[in-house]
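Student: The following block contains the structure, expressed as structure tokens.
The values are calculated or read from the model by the stated rules, or taken from the named source; none is laboratory data. What you see is a predicted model; the values in this text were computed from it and never measured. Ideal geometry is used to build each Cβ from the backbone, glycine not excepted, and the neighbour counts take in all protein chains shown. Just so you know, the surface numbers come from the protein's heavy atoms only, side chains and all, with ligands and any DNA or RNA stripped out. Shrake-Rupley method; radii C 1.70, N 1.55, O 1.52, S 1.80 Å.
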Amino acid sequence: MHETMVAQSLITIISEEAAKQDARPVAAKISCGTLNPVNDEVLRFAFEAIAEGTQCEGIELHIEHKPLHAVCRSCGCDFVVEFSRPQCTRCGGEDFDLLPDAPLLLEEIDFQTD
């Protein structure tokens with residue numbers, strides 16, 4: 001259900017921007033964090049179903065998953081958290097602060113003008 005709402009929001013935003021640009025959207029890139037992931041397959045399915053018959057039909061949707069970062073309290077290293085082994089990549093410390101997760105963002109829309 002979450003992916004359906006995301007897909008509907010994406011189509012609304014892309015359609016509004018396409019009207020402003022007076023162009024046809026051909027691709028879009030979104031990104032999301034590790035703790036707020038979207039299921040790529042479900043999102044693509046929902047996007048294609050909702051976009052059918054609209055100017056967004058046929059858009060190539062790119063989804064990037066951004067890793068979660070943390071800062072080690074011992075050495076100050078900023079590192080990517082590996083959930084299977086959550087420790088500092090520099091000193092091996094397990095005492096760290098998680099940084100804010102990346103939000104779900106529409107980063108880019110590519111248009112085709114005639």
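Student: Probe of 1.4 angstrom, ligands and nucleic acids ignored: what's the accessible area per residue over the chain, in square angstrom?
Tutor: Numbers: 7130 Å² over 114 residues.
Averaged over the residues of the chain, the accessible area is 63 Å².
Student: While we're looking at this one, here's another question. Between helix 2-21 and the chain, what is the angle of the helix's C-alpha long axis to the longest principal axis, kept within 0 to 90° and rounded to the nearest 10?
Tutor: Relative to the chain, helix 2-21 is tipped by roughly 60 degrees.
Student: Over the chain, with every protein chain in place, what whole percent of the accessible area is carbon and sulfur at 1.4 Å, could you tell me?
Tutor: Numbers: 3550 of 7130 Å².
Result for the chain: 50 percent of the exposed heavy-atom area is carbon or sulfur.
Student: In nm, to one decimal, how far is the modelled label at Glu107 from the one at Asp95, with both set 7 Å along Cα→Cβ?
Tutor: So the label points at Glu107 and Asp95 sit 3.5 nm apart.
Student: Please list 3J(HN,Hα) in residue order for region 87-96, calculated via the Karplus relation 6.51 cos²θ - 1.76 cosθ + 1.60 where θ = phi - 60°; whole Hz, with x for glycine and proline.
Tutor: 8, 4, 6, 8, 10, x, x, 10, 9, 8
Student: Further question on the same structure: What does the helix-only formula give at 222 nm for the chain: each DSSP H stretch with n ≥ 4 adding -39500 (n - 2.57), the total divided by the residues, and the result rounded to the nearest 500 deg cm²/dmol?
Tutor: Values: 2 runs with 32 residues, N = 114.
Taken over the chain, the calculation gives -9500 deg cm²/dmol.
Student: Right, here's the next one. Take every DSSP beta bridge whose two residues both sit in the chain, then give the antiparallel share in percent to the nearest 5. Write down the numbers at each step before the final one.
Tutor: On the way: 13 of 19 bridges.
In the chain, approximately 70 percent of DSSP beta bridges are antiparallel ones.
Student: Let's test this: bin the Cα-Cα distances of the chain at 5 Å from zero up to the farthest pair and state each bin's percent.
Tutor: The percentages, shortest bin first, are 2, 12, 19, 17, 12, 10, 8, 8, 6, 4, 1, 0.
Student: Right, another one. Any idea what the relative contact order of the chain is, in percent, if you count C-alpha pairs under 8 Å spaced at least 6 apart?
Tutor: Details: 200 pairs, mean separation 40.7, N = 114.
For the chain, the relative contact order is 36 percent.
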